[in-house]
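Report on the following structure.
The values are calculated or read from the model by the stated rules, or taken from the named source; none is laboratory data. Predicted, not measured: the structure shown is a model, and the values here were computed from it. Here Cβ is always computed from backbone atoms with ideal geometry, including for glycine, and neighbour counts include all displayed protein chains. These area figures cover heavy atoms from the full protein model, side chains too; ligands, DNA and RNA do not enter into them. Shrake-Rupley method; radii C 1.70, N 1.55, O 1.52, S 1.80 Å.
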Amino acid sequence: GTMRPIRRNFYDPSSAPGKGIVWEWENDNNSWTPYDMDICITIQNAYEKQHPWLDLSSLGFCYLIYFSSMSQMNRQTQRKRRLRRRMDLAYPLTMGSIPKSQSWPVGASTGTPCSCPQCLLVNSTRAASNAILASQRRKLYPGAVRQSSTFAGGALWPAGTGPAAGTGGTAKGEGLRVPGAGFAPGQSVPSAALPGLNNLNRPGTQRGAGLGARATIPPGVPALPVKNLNGTGPVHPALAGMTGILMCAAGLPVCLTRAPKPILHPPPVNKSDIKPVPGINGICRKTKKKQLKKSKTPEDVVRRYIQKVKNPPDEDCTICMERLVTSSGYEGVLSPRGIKPELVGKLGKCGHMYHLLCLLAMYNNGNKDGSLQCPTCKAIYGEKTGTQPPGKMEFHIIPHSLPGYTDSKTIRIVYDIPTGIQVRRDPCCSGQPCPVSPAHPNVSTPTQGPEHPNPGKKFTARGFPRHCYLPDNEKGRKVLKLLIVAWDRRLIFTIGTSNTTGESDTVVWNEIHHKTEFGSNLTGHGYPDPNYLDNVLAELLAQGVSEATLKD
């Protein structure tokens, strides 16, 4: 009951397929694989204009084509492959106007050979069906058929559809050239004269191996974006399919498209190729117990930067606007231990005096970040610390390049914050890990501390470990050093409500943006982004982490 759309493509005689030209790249088996036809046309156009090189990023591929050396280079891995241009392919030449399309073109495929029964059947019978059609053509039009040369390691390309990606094996492609003298001007080749030509020999164009190709949408055909499998997208697949069927039945063309997937991770890297970042000691930072102890209560923070004044002057407290010789205006609102409403303190640097209870109320209404700011002169006391849960930060260099930084390698940062059940080793289990069960008395779950929104409540950490990327250049290393300082101050993450899922009491980013896409920028969290390094430096500065911190 599966319904699949079909299509046929018509190419201008002046284009690469119209001239019988195809471009191929050498694969790992030392055989040649053809590019998709839209890529062939683009390469041929650049070649005819005598361009020295061609960037395929506009088509969604991270490759550079060099015509002088006839090679293709991967911009991420820097790997080069040989390239060649073939001119021995024959295509049918149709006189007259192009017939109106009666089907809708399908969207781009994944580039992976399909294993469904229909594709297996097509692949197994394609050579036989083309041989039968070629025999019929020879009988009907003797002398009008020209056979192309054997493909070296390529696949059979159906006549009239353009080159297709290799499915393995060696086959011969048949092409038909109909002399123009046989038909009157403006008259097309009659389909009845070529039985089976317009159906059996017109399968959909196969996609290049290892490349996520894009289908060319005809002008004027509405694009219907299909919902992705991960749940994102404006149109559900069922609704898109029904709409396509109804529009096709009404004689209207429609193109079902699928949004490209982001490239989150680089190609696999051997451990021997992973190197430490020059100028930075070590490759890992862990949250230490002394860093967790820095998260003191608001009363401890206020007492840390205040000197008690026994005989305060008779002047106003600029926070509560009450006289310093009287009790604080927050008397009865706050009842902290050890801080009486009449106590007055002086800040060490600027010397401004306030009620201790007023300073405590101001701190509680702020970010509770471990630092204290004078409300009069804005002087800051202490360094800003966050509420990041315990975890680990790793960083190293991998031998791949980011889009926009082809001359540099990549700094990979891996954040890992544990979640779920923490198992303790107790004598009850002979020193072995206790069974992972919430009901076991020796199993504990991480809970929020006094600095978090809901102290004592459990929290979750979704999506860890998280991989982030920086270019391995001078500014990228500077950003890494400042991120290490921010990690030590517990500023990278915090506990709150996720903007993505809406889940509360979970680990979320803390206003310092990171790039989590390696080879794309579909979500805005990838490269190329020429302003990212400057933006993240500004965000770090807003968190109190600056270049002066590195000097200290």
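Observations on the structure shown:
- Calculated from backbone phi, Karplus (6.51, -1.76, 1.60) coupling profile of region 479-484 in Hz, x at Gly/Pro: 4, 4, 4, 6, 5, 5
- Cα extents of region 16-87 along the three principal axes, largest first (Å): 34, 26, 23
- Summed over the residues of region 16-87 and divided among them, the accessible surface reaches 47 Å² per residue at a probe radius of 1.4 Å.
- A cut-off of 5 Å between modelled amide H atoms, ignoring neighbours fewer than 5 places along the same chain, links Ile413 with Cys468, Tyr469, Leu470.
- Solution diffusion estimate, µm²/s, Stokes-Einstein, region 298-368, Kirkwood Rh from C-alpha pairs, 37 °C, viscosity 0.692 mPa s: 275
- For region 16-87, the fraction of 1.4 Å probe accessible surface lying on carbon and sulfur atoms is 47 percent.
- Evaluating 6.51 cos²θ - 1.76 cosθ + 1.60 at θ = phi - 60° for every residue in region 531-539, the Karplus couplings come out as 9, 5, 4, 5, 5, 6, 5, 5, 5 Hz, glycine and proline recorded as x.
- Solvent-accessible area of Asp38 with every protein chain in place, 1.4 Å probe, in Å² to the nearest 10: 40
- Ordering 57-68, 310-321, 485-496 by mean Cβ neighbour count within 10 Å, with the highest value first, yields 485-496, 57-68, 310-321.
- Among His352, His452, the sequence by solvent-accessible area, most first, with a 1.4 Å probe is His352, His452.
- Between amide H atoms placed 1.01 Å from N, distances below 5 Å from Glu342 occur with Ser328, all of them 5 or more places distant or on a separate chain.
- Accessible area per residue, Å², region 298-368 with all protein chains present, probe 1.4 Å: 59
- When a 1.4 Å probe is rolled over the protein heavy atoms, the share of accessible surface on region 298-368 that falls to carbon and sulfur comes to 44 percent.
- Rounded accessible area of Glu503 (nearest 10 Å², 1.4 Å probe): 50
- Note on Ser328: accessible area approximately 10 square angstrom, rounded to 10, probe 1.4 Å, nucleic acids and ligands left out.
- Between the amide H of Asp36 and those of Gly208, distances stay under 5 Å, these residues lying 5 or more places away or on another chain, with hydrogens modeled in the peptide plane.
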